[in-house]
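The structure appears below as structure tokens.
The values are calculated or read from the model by the stated rules, or taken from the named source; none is laboratory data. Keep in mind the model is a prediction, meaning the values are calculated, not measured. Cβ placement follows ideal geometry from the backbone for every residue including glycine, while neighbour counts extend to all protein chains displayed. What goes into the accessible areas is simple: the full protein's heavy atoms, side chains included, and nothing from ligands, DNA or RNA. Shrake-Rupley method; radii C 1.70, N 1.55, O 1.52, S 1.80 Å.
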Amino acid sequence: MQCLYCGLEKPIDEFTDEHIIPKAIGGNLNSHNPFLINNVCSRCNNLCGIFVDGPFIKSWMTQNSRAEVALKHLDFSKKPIVPLTYMGVLDGLQYEDKICEFWLGPTGDTIYHFHEPYPEEPDIGPMVGIPPHAKRKEIDYGFVFLFVRSNNPKWHPTIFYSFIENFKRSVLFLGNGPTPKGGRFSDIPTELMSLHQQLKQLGGKIHGVSMGMNMGYGDRFLAKVALGLGSVLLSKEYVSSESANLLRKFLWTKSYKERENLLIHGAGFWGHQLEQTTKEILNWPGGHSLVILRNSQSLDLYASFYERQVAVIRISSEPKHWEGRIGDMGIVYVVSPGLQKFAGPIPLSTYIAHKLENDCINQELQAIEMEMNSFIELPPFSI
């Protein structure tokens with residue numbers, strides 16, 4: 001059996017299920033999952049999780065989009081855990097050799113994580129939190145101060161559980177209250193009392209932070225998604241075609257400069273020049289849209305994640321791959337990461353009409369739209 005990602009023939013027992021759209025950003029879909037494939041070997045699956053999916057999922061943009069969307073689908077009866085918002089490295093504040101990373105909790109709670117800088121990997125760039133390529137012995141988990149903002153008890157389980165989940169191996173301190181007993185929090189030691197006072201004085205003040213971003217943080221991920229969708233939607237010949245091989249080469253080229261020299265059509269997450277009107281039509285509010293665009297000579301993927309991260313990449317330049325499989329204009333998939341549900345494939349013309357015409361409603365899109373907009377109003381932070 002041929003592995004989709006590396007192109008090598010391997011025994012059947014070396015293959016595992018692969019999520020084209022990673023679970024962390026909504027790819028763990030309920031019921032039928034069109035983005036779950038089984039033609040990827042375990043080695044490629046693991047490497048992609050670390051070096052391809054990881055930089056995209058743990059980028060500043062994706063991390064904070066996940067945190068924002070998660071707050072729209074809270075069920076407080078289940079004591080929900082949500083991602084935290086990452087702000088960056090706090091300027092001018094260190095403790096010995098430890099830098100201070102500044103985070104925000106679900107209600108704007110201020111979080112200060114002190115740790116030694118994480119090991120860097122060439123050609124990947126900075127990531128939010130612990131990079132997936134780092135080995136445990138290379139990581140300083142450090143210590144973290146949490147200053148809870150909300151005085152509404154309904155929010156407190158979500159604040160604490162989310163905080164603990166994000167810093168599983170760190171020493172945890174509560175900065176503005178007595179130490180919770182019988183749990184993960186520790187008493188603030190004498191040697192950190194001065195630092196604790198310094199952090200308390202930051203309350204209500206503007207924080208200066210530094211945040212790094214790799215220009216090509218999502219390029220390899222985009223190529224992986226295009227290759228995966230091509231294997232699902234196009235003819236069997238596609239997997240071993242020149243178009244697929246070009247995406248494959250791009251996927252495994254680590255250097256951003258070397259990837260720039262590959263003749264691949266499209267524009268990455270930092271390089272798109274699409275008109276705002278086009279993005280408003282093709283993007284899906286609060287979720288992802290994967291638009292397969294067809295013309296006479298090419299099949300392209302317009303990918304929009306959390307509305308804000310938009311990129312385009314060519315799936316195939318060989319019409320025989322999509323003849324009789326993709327409609328005249330193309331098709332669209334919509335994914336709601338908060339609900340773990342999707343809609344599609346839907347003809348592109350139907351999708352555009354649904355977005356623009358009040359009398360051209362598509363029932364499948366309307367159903368997921370209504371469910372995404374049906375969340376109850378969040379309780380107030382302060383009472």
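Per-structure values
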| item | result |
| --- | --- |
| Only one of F15, F102, F76 that is on the phi < 0 side of the Ramachandran plot and crowded, with 21+ Cβ neighbours inside 10 Å | F102 |
| Candidate set: region 327-341, residues that are at pLDDT below 95 and of a type in the set (A, V, I, L, M, F, W, C); chosen: the one nearest to N362 (Cα to Cα) | M329 |
| Residues satisfying the stated conditions in region 149-166, i.e. surrounded by 16 or more Cβ atoms within 10 Å (Cβ to Cβ), of a type in the set (S, T, N, Q) and part of a loop (DSSP other than H, G, I, E, B) | S150 |
| Filter result (β-branched (V, I, T) and open to solvent by 20 Å² or more (accessible area, probe 1.4 Å)) within region 43-69 | I50, I57 |
| Residue in region 308-322 that is open to solvent by 40 Å² or more (accessible area, probe 1.4 Å), in contact with a strand residue (DSSP E or B) (Cβ under 7 Å, 6 or more places away or on another chain) and free of Cβ contacts under 8 Å to residues at least 60 places away in the same chain present | no |
| Meets criteria (open to solvent by 40 Å² or more (accessible area, probe 1.4 Å), assigned to a loop (DSSP other than H, G, I, E, B) and farther than 28 Å from L378 by Cβ) for P131 | no |
| Answer residue from region 172-192, given it is open to solvent by less than 90 Å² (accessible area, probe 1.4 Å) and out of contact with any strand residue (DSSP E or B) (no Cβ under 8 Å at 6 or more places or on another chain) and is modelled with the lowest pLDDT among those | G183 |
| Residues that are within 19 Å of P55 (Cα to Cα) and buried (at least 16 other Cβ atoms within 10 Å of the Cβ), drawn from region 18-42 | E18, H19, I20, I21, P22, A24, I25, G26, G27 |
| Pairs with Cβ under 7 Å, 6+ apart, first in region 61-78 and closer than 13 Å to K154 by Cβ, second open to solvent by 40 Å² or more (accessible area, probe 1.4 Å) | L74/L378; F76/K154 |
| Test result for S210, within 30 Å of E96 (Cα to Cα) and either in contact with a strand residue (DSSP E or B) (Cβ under 7 Å, 6 or more places away or on another chain) or hydroxyl-bearing (S, T, Y) (or both) | yes |
| Qualifying residue in region 138-155 (condition: in contact (Cβ under 8 Å) with a residue 24 or more places away in the chain, of a type in the set (A, V, I, L, M, F, W, C), closer than 18 Å to L74 by Cα and in contact with a Pro (Cβ under 8 Å, 6 or more places away or on another chain)) | yes |
| K137 being touching a helix residue (DSSP H, G or I) at 6+ places or on another chain (Cβ under 7 Å) and loosely packed, with under 15 Cβ neighbours inside 10 Å | no |
| Failed item, numbered, when L146 is tested on (1) part of a loop (DSSP other than H, G, I, E, B); (2) modelled with pLDDT of 95 or more; (3) in contact with a helix residue (DSSP H, G or I) (Cβ under 6 Å, 6 or more places away or on another chain) | (1) |
| Residues of region 333-368 classified as touching a residue at least 12 places away in the same chain (Cβ under 8 Å), in a helix (DSSP H, G or I) and surrounded by 14 or more Cβ atoms within 10 Å (Cβ to Cβ), total | 10 |
| So D300, is it touching a residue at least 12 places away in the same chain (Cβ under 8 Å) and open to solvent by 40 Å² or more (accessible area, probe 1.4 Å) | no |
